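*Asks:* Dropping the structure in here first, questions after.
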Amino acid sequence: MSISIRLLLWLYECLWYLALPVALIRLYWKGRRLPGYRQHVAERFGFYSCQKTSNLIWLHAVSVGETRAAAPLVEALIASGKTILLTHMTPTGRATGQQIFEQHLKSGCLQQVYLPYDVSWAVNAFYRYFSPQIGLIMETEVWPTLVLSAKRHKIPTILVNARLSNRSAKRAASFGAIATYIYQSFTKILAQTGLDAKRYQSLHLNNVLVTGNLKFDVAANSSQVNEALLLRKELNAGMQIVCAASTREGEEELIVAAWQKLKQDHPDLKNICLLIVPRHPQRFDDVYALLTKSFPQVARKSLLKTNADLATAINQQGILLGDSMGEMSFYYALSDFVVMGGSLQPLGGQNFIEACALGRPIILGQHTFNFQQAGIDVIDAEAGLRVDGIEGLSQAMGLLFLNHELKEAMSTNALDFANQHTGATQKILAIVQASH
């Protein structure tokens, strides 16, 4: 390690010491709306009270999306006889893990904790306490101290389902030798696509392989799908629902404006319903307030206790707010097509693959750099439409509501698209098993 790299790492550590008081204040502040931020705080500093388990495989999934994407790999590892330590940085990620892996938590095959902040003493305490056989880090969570300390502790680490946008590649390249040193410290980098691999290799790395995208292997929740299909039988004949899924701040206003324009341009279009599912639960109340200012009838899923109540709300052709966590399979199966959140504003897009796997056509905005290759592929497969602005979104929704033949063809294409890209889990599993 060169002197310049040592100096930069020392400065990085110093900055973390300065940031720790701010981090604590941030936890307290965010805990006003999401109490989970104020829980298990000691774990973020490397202090753990859970029972130690030997021969752990550690997998880090920072938040909801990464946790859901990791599910097929976690299941495959447990099926092969492994015990999993699952770490997160957000309470929503932890809650998602608790929901998805409830049975494994009860059986002791899986444990959950928060990852410590990236200061050496906290990270070293984490490694000493758990002594994992191998570390699997999902997608983009590259913390310098975490990665380099694992190497010193002789713990192999693999960046799994790795992706690197063009912007992130340029930013990493601007750091020069230190970025290469940190990325090269991974035992392997398992890229989602050939394009991601080329960007990693542009940093002069020789530890990159392409294994595909785990998100194509995520299975829908069958009980939620069945519940949605039963509900659809209670809806008015010909009722169509569009789901605006995983919407982010600033996007609901665009969707509302597009919906109002759709209704204005097609006054005879009946039996349609808009379902909006915000990405983050702390925004549910704010989105509800926004919707009630724009529409006379807005229902909240959390307040509708039975399928009959939900069917009535949908049949009234109002607006439905999907204010519940962990029910995306239900929302997708209930819908006829999906507007994908995160793509209408420059946020990189959210995961649309689960919707495709249920045969739902996709409407994407212009901003899908977090799913760049998948975004290109889904359009090429004629399973999705790319739109720009309120006018484009309104026209695309109208097209799918009115052209049933097109919608059915896109539905078939969506299923084919999802099925053609499965298989990443077994490729990654084989590499993990050979690496420790």
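*Asks:* Would you mind working out the accessible area per residue for the chain, using a 1.4 Å probe, and quoting it in Å²?
*Replies:* For the chain, the per-residue accessible area is 43 Å².
*Asks:* How much net charge surrounds Tyr12 when only other residues with a Cβ under 14 Å from its Cβ are counted (Lys, Arg +1; Asp, Glu -1)?
*Replies:* Local net charge: -1.
*Asks:* Could you pull out every residue, at least 5 positions away or on a different chain, whose amide H is within less than 5 Å of the one on Ile134? Hs are placed 1.01 Å off N in the peptide plane, and Pro or chain starts have none.
*Replies:* Correct list: Trp58.
*Asks:* May I ask you to derive the FRET efficiency for Phe295 and Val225 from their Cβ-Cβ distance with R0 = 25 Å, giving the value to the nearest 0.05?
*Replies:* 0.35
*Asks:* Gaussian network model of the chain, Cα springs within a sub-10 Å range: biggest mean-square fluctuation belongs to which of Glu43, Glu405, Glu253?
*Replies:* It is Glu405.
*Asks:* Taking the alpha-carbon set of segment 309-436, what are its Rg and Dmax in Å?
*Replies:* 16.5, 57
*Asks:* Set Lys and Arg Cβ to +1 and Asp and Glu Cβ to -1, take the dipole of segment 250-383 about its Cα centre, and tell me which of Asn315, Ala257, Ser329 lies farthest positive.
*Replies:* Asn315
*Asks:* If R0 is 22 Å, what FRET efficiency do you get for Ala434 and Thr180 from their C-beta distance, rounded to 0.05?
*Replies:* 0.35
*Asks:* Compute the length gained on full extension between His266 and Ile5: take 0.36 nm times their separation in residues and subtract their Cα-Cα distance, giving the result in nm to one decimal.
*Replies:* 87.8 nm
*Asks:* Which whole-Hz couplings ³J(HN,Hα) result when phi for each residue of segment 254-271 is put into the Karplus expression 6.51 cos²θ - 1.76 cosθ + 1.60, θ = phi - 60°, listed in order with x for Gly and Pro?
*Replies:* Per-residue couplings from phi come out as 5, 5, 4, 4, 5, 5, 5, 5, 4, 5, 6, 6, 10, x, 8, 7, 10, 6 Hz.
*Asks:* Mind putting together the pair-distance distribution for segment 351-421? All Cα pairs, 5 Å bins, whole percent per bin, short to long.
*Replies:* 3, 19, 29, 26, 18, 5, 1
*Asks:* At a 1.4 Å probe, what is the % contribution of carbon and sulfur to the accessible area of segment 175-261?
*Replies:* 53 percent
*Asks:* Please give me, ordered by residue number, the trypsin sites (Lys or Arg not before Pro) of segment 120-159 that lie in loop per DSSP and have at most 12 other Cβ atoms within 10 Å.
*Replies:* Lys154
*Asks:* Apply the Kirkwood formula to segment 169-290: the hydrodynamic radius equals the inverse of the mean of 1/r over all pairs of different alpha-carbon atoms; give it in Å with one decimal.
*Replies:* It works out to 19.2 Å.
*Asks:* Working with all protein chains in place, sort Ser302, Ser324 by solvent-accessible area computed with a 1.4 Å probe, largest first.
*Replies:* Per-residue accessible area, sorted high to low, gives Ser302, Ser324.
*Asks:* Related question: Residues with beta-carbon under 15 Å from that of Asn207, excluding Asn207: net charge, scoring Lys, Arg +1 and Asp, Glu -1?
*Replies:* +3
*Asks:* Moving on to the next point. Can you work out the FRET efficiency for the pair His204 and Leu34, with r the C-beta to C-beta distance and R0 = 60 Å, to the nearest 0.05?
*Replies:* Once rounded, the FRET efficiency stands at 0.90.
*Asks:* Right, something else. If you project the alpha carbons of segment 1-131 onto the principal axes, what extent comes out on each, in Å, largest first?
*Replies:* That works out to 45, 41, 27 Å along the principal axes.
*Asks:* When we measure straight from the Cα of Lys215, which lysines land under 22 angstrom away, once same-chain ones fewer than 8 places off are left out?
*Replies:* Cα-Cα hits under 22 Å: Lys82, Lys188, Lys198, Lys427.
*Asks:* Which of the peptides 306-313, 5-12 is most tightly packed, and how do the rest follow, going by the mean number of other Cβ atoms within 10 Å of each residue?
*Replies:* Peptide ranking by packing, descending: 306-313, 5-12.
*Asks:* Taking Lys263 as the anchor, which lysines have their alpha carbon closer than 24 Å to its alpha carbon, excluding any fewer than eight residues away along the same chain?
*Replies:* Straight-distance partners of Lys263: Lys293, Lys301, Lys407.
*Asks:* With unit charges on the beta carbon (Lys/Arg positive, Asp/Glu negative), name the residue among Pro144, Tyr127, Asn419 whose Cα is farthest towards the positive pole of the charge dipole of the chain.
*Replies:* After comparing all options, I get Tyr127.
*Asks:* Just to be sure I understand: if I project the alpha-carbon convex hull of segment 95-230 onto a plane and average over all orientations, what area do I get in nm²?
*Replies:* That works out to 10.4 nm².
*Asks:* Let me ask another. Heavy atoms only, probe 1.4 Å: what % of the accessible area of segment 330-423 goes to carbon and sulfur, would you let me know?
*Replies:* On segment 330-423, the fraction of accessible area on carbon and sulfur atoms equals 48 percent.
*Asks:* State the volume of the convex hull built on the alpha-carbon positions of the chain, expressed per residue in Å³ and rounded to an integer.
*Replies:* Roughly 141 Å³ of hull volume per residue.
*Asks:* Please list the non-local residues whose amide H lies under 5 Å from the amide H of Phe337, H modeled 1.01 Å from N, same-chain partners needing a gap of 5 or more.
*Replies:* Ile241, Cys243
*Asks:* Spelling out what I want: for every residue of segment 201-215, take phi, set θ = phi - 60°, compute 6.51 cos²θ - 1.76 cosθ + 1.60 (Karplus), and round to whole Hz; glycine and proline get x.
*Replies:* Karplus-based 3J(HN,Hα) across segment 201-215 equals 5, 5, 8, 6, 9, 10, 10, 9, 10, 9, 10, x, 9, 4, 5 Hz.
*Asks:* What percent do you get for the relative contact order of segment 173-269 when only Cα pairs under 8 Å and 6+ apart count?
*Replies:* After rounding, I find 19 percent.
*Asks:* Mind listing the phi-derived Karplus ³J(HN,Hα) values for segment 39-48, rounded to whole Hz, using 6.51, -1.76 and 1.60 with θ = phi - 60°, and x for any glycine or proline?
*Replies:* 9, 6, 4, 4, 4, 6, 10, x, 10, 10
*Asks:* Among Leu24, Ser168, Gly97, which residue has its Cα positioned farthest towards the positive end of the charge dipole of the chain, with +1 placed on the Cβ of Lys and Arg, -1 on the Cβ of Asp and Glu, and the dipole taken about the Cα centre?
*Replies:* Farthest towards the positive pole: Leu24.
*Asks:* Same structure again: Could you give the size of the charge dipole of the chain about its Cα centre, using +1 on the Cβ of each K and R and -1 on the Cβ of each D and E, expressed in debye and rounded to the nearest 20?
*Replies:* 1620 debye
The values are calculated or read from the model by the stated rules, or taken from the named source; none is laboratory data. Worth saying up front: this structure is predicted, and the values here are computed from it rather than measured. Backbone-built Cβ (ideal geometry, glycine too); neighbour counts: all protein chains shown. The protein model used for the area step is the full one, side chains on, heavy atoms only, and it has no ligands, DNA or RNA in it. Shrake-Rupley method; radii C 1.70, N 1.55, O 1.52, S 1.80 Å.
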